[in-house]
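**Student:** Below are the structure tokens for one structure; questions will follow.
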Amino acid sequence: MRCHIVPPHMLERIAGGAGDPALRDRARRTLALSSAARSERRTLLVTPPSPNEDFVPNRTIRDAGNREELPGKAVRAEGAPATGDKVVDQSYDWLGATFDFFEAAYRRNSIDGAGLPLISTVHYGDRYDNAFWNGEQMVYGDGDGTLFTEFTGPLDVTGHELTHGITQYTANLEYYSQPGALNESVSDVFGSLIKQWHLGQTADQADWLIGQGLLAEGVNGVALRSMKEPGTAYDDPQLGKDPQPGHMDHYVETYRDNGGVHINSGIPNHAFYLAATAIGGNAWEKAGRVWYDTLTGGTLKTDTDFKGFAAATLETAARLYGADGAETSAVRQAWTGVGVSP
Ligand SMILES: [Zn+2]
């Protein structure tokens, strides 16, 4: 399964719009490539945790040379000096920051918890407008430069995609409907937390945006998604309007986008934001710990829905902070605040 950072509703809008014909054609091509990839079926071999306790990243950056072929030529190995190619070096740095975050915050050794090597392919396709985790590695396009900048730019894009890998190795939430929206949401949660940790920001200081810096100059928008105010990240003639709800009252029933996985993720995203800001301080320490332990603790099912996930976070919070703890009540209020009663 491939998980893309730019959702189909944005690409469909570009493809069907009245903008630059070259951009329309590339958006159509990106959509065709994405749906071809969606029909891939792959059996994931979940590696059991090994006794490897080294906690050393093992990164390889590859260059697709603007072709749509994986994995591309290896251009930077672990420990090798910067290459001078901005996107190669950005990708290397952000894989490292993501690895360091999961080690520092949750003592997790890479994506699989057992030191999985981290592989990125950059310069994928011709001005390709997306980045994705394909079940085994990261892939980044350069962006068309008119609507999107390089996909290696924002740290939270890399964090989002690598978290899809962690979900794959843990709760393995299916990529459809509410479990799919939860899968998307936990990628946004940890994508944002990695950025907050890297910048040393508290919950109050964070922007809670996903993909800030990814939209090119002249586009009317600040990011792909906002956890603080779902539905407000962009409103642009070429990209359309951010369709995310932040409350169950505005839940979107749709068969598109795998049942709205990039749309309804706004609801659990906002619940996390509410919990983290109510608790205060560094969001990765308490709210992040609750979500991380819930995701990786083995109690979720692949088809867990919002209500089930909310109940699981409450159980985790009660275990960590006590049933009457302030953190537990913040988590409960966060879910009721978005219309989910655990
Ligand atoms: Zn995603």
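**Student:** Could you tell me whether Asp142 is more than 16 Å from the ligand (Cβ to nearest atom) and either assigned to a helix (DSSP H, G or I) or farther than 20 Å from Thr296 by Cβ (or both)?
**Tutor:** The answer is yes for Asp142.
**Student:** If you take the residues in the range 1-30 that are surrounded by fewer than 23 Cβ atoms within 10 Å (Cβ to Cβ), part of a loop (DSSP other than H, G, I, E, B) and within 16 Å of the ligand (Cβ to nearest atom), which one is nearest to the chain's Cα centre (by Cα)?
**Tutor:** By that ranking, first place goes to Arg2.
**Student:** Among Thr302, Thr294, which is the only one that is part of a helix (DSSP H, G or I) and in the same structural domain as Ser185 (by TED's automatic domain parsing)?
**Tutor:** That would be Thr294, the only listed residue that is part of a helix (DSSP H, G or I) and in the same structural domain as Ser185 (by TED's automatic domain parsing).
**Student:** To continue, here is another question. Does any residue of the range 159-168 turn out to be more than 15 Å from Cys3 (Cα to Cα), within 16 Å of the ligand (Cβ to nearest atom) and at pLDDT 95 or above?
**Tutor:** No, the range 159-168 contains no residue that is more than 15 Å from Cys3 (Cα to Cα), within 16 Å of the ligand (Cβ to nearest atom) and at pLDDT 95 or above.
**Student:** Can you give me the number of residues within the range 131-140 that are under 13 Å from Glu68 (Cα atoms) and either in contact with a Leu (Cβ under 8 Å, 6 or more places away or on another chain) or free of Cβ contacts under 8 Å to residues at least 60 places away in the same chain (or both)?
**Tutor:** 2
**Student:** Please count how many residues of the range 136-147 are within 23 Å of Leu214 (Cα to Cα) and either surrounded by fewer than 24 Cβ atoms within 10 Å (Cβ to Cβ) or not assigned by TED's automatic domain parsing to the domain that holds Arg24 (or both).
**Tutor:** 6
**Student:** Hey, any hits in the range 261-272 for a residue that's farther than 21 Å from Glu161 by Cα and either surrounded by 19 or more Cβ atoms within 10 Å (Cβ to Cβ) or touching a residue at least 12 places away in the same chain (Cβ under 8 Å) (or both)?
**Tutor:** Within the range 261-272 (the criterion being farther than 21 Å from Glu161 by Cα and either surrounded by 19 or more Cβ atoms within 10 Å (Cβ to Cβ) or touching a residue at least 12 places away in the same chain (Cβ under 8 Å) (or both)), the answer is no, since none of the residues qualifies.
**Student:** Please specify each residue of the range 316-328 satisfying the condition of being assigned to a helix (DSSP H, G or I) and either touching a Pro at 6+ places or on another chain (Cβ under 9 Å) or surrounded by fewer than 17 Cβ atoms within 10 Å (Cβ to Cβ) (or both).
**Tutor:** Arg319, Leu320, Ala326 - these are the residues of the range 316-328 that are assigned to a helix (DSSP H, G or I) and either touching a Pro at 6+ places or on another chain (Cβ under 9 Å) or surrounded by fewer than 17 Cβ atoms within 10 Å (Cβ to Cβ) (or both).
**Student:** When the range 76-124 is examined, which residues are found to be closer than 30 Å to Ala22 by Cα and either at pLDDT below 95 or surrounded by fewer than 19 Cβ atoms within 10 Å (Cβ to Cβ) (or both)?
**Tutor:** Hits for the range 76-124 are Gly84, Asp85, Lys86, Asp89.
**Student:** Can you tell me which residue within the range 145-158, out of those that are more than 17 Å from Pro7 (Cβ to Cβ) and not in a loop (DSSP other than H, G, I, E, B), is nearest to the ligand (Cβ to nearest atom)?
**Tutor:** Ranking the qualifying residues of the range 145-158, first place goes to Thr158.
**Student:** Let me ask something additional. From the list Asn109, Asn134, which residue is away from the ligand (no atom under 15 Å from the Cβ) and out of contact with any helix residue (DSSP H, G or I) (no Cβ under 6 Å at 6 or more places or on another chain)?
**Tutor:** The unique qualifying residue is Asn109.
**Student:** Sticking with this structure for a sec: For residues that are outside any loop (DSSP other than H, G, I, E, B) and over 25 Å from Leu31 (Cβ atoms), scanning just the range 223-270, find the one that is nearest to the ligand (Cβ to nearest atom).
**Tutor:** Pro268
**Student:** Can you tell me which residue among Thr158, Thr163 is closer than 30 Å to Gly17 by Cα and in contact (Cβ under 8 Å) with a residue 24 or more places away in the chain?
**Tutor:** Testing whether each residue is closer than 30 Å to Gly17 by Cα and in contact (Cβ under 8 Å) with a residue 24 or more places away in the chain leaves just Thr158.
**Student:** Let me ask something additional. Would you confirm whether any residue within the range 271-294 is of a type in the set (D, E, K, R) and within 16 Å of the ligand (Cβ to nearest atom)?
**Tutor:** Within the range 271-294, not a single residue is of a type in the set (D, E, K, R) and within 16 Å of the ligand (Cβ to nearest atom).
**Student:** Still on this structure: Any idea which of Ile263, Ile194, Ile279 is of a type in the set (A, V, I, L, M) and under 23 Å from Asp303 (Cβ atoms)?
**Tutor:** Ile263
**Student:** If you go through the range 169-190 one residue at a time, how many are closer than 17 Å to Lys301 by Cα, buried (at least 23 other Cβ atoms within 10 Å of the Cβ) and more than 10 Å from the ligand (Cβ to nearest atom)?
**Tutor:** Selection size over the range 169-190: 6.
**Student:** How many of the residues making up the range 191-202 are assigned to a helix (DSSP H, G or I) and more than 11 Å from the ligand (Cβ to nearest atom)?
**Tutor:** 8
**Student:** Identify the residue in the range 210-219 that is among the hydrophobic types (A, V, I, L, M, F, W, C) and buried (at least 24 other Cβ atoms within 10 Å of the Cβ) and, among all such residues, is farthest from the ligand (Cβ to nearest atom).
**Tutor:** Among them, the one singled out is Leu214.
The values are calculated or read from the model by the stated rules, or taken from the named source; none is laboratory data. Note that the structure is a prediction, hence the values are computed from the model and not measured. Note that we place each Cβ from the backbone using ideal geometry, even for glycine, and neighbour counts take in every protein chain shown.
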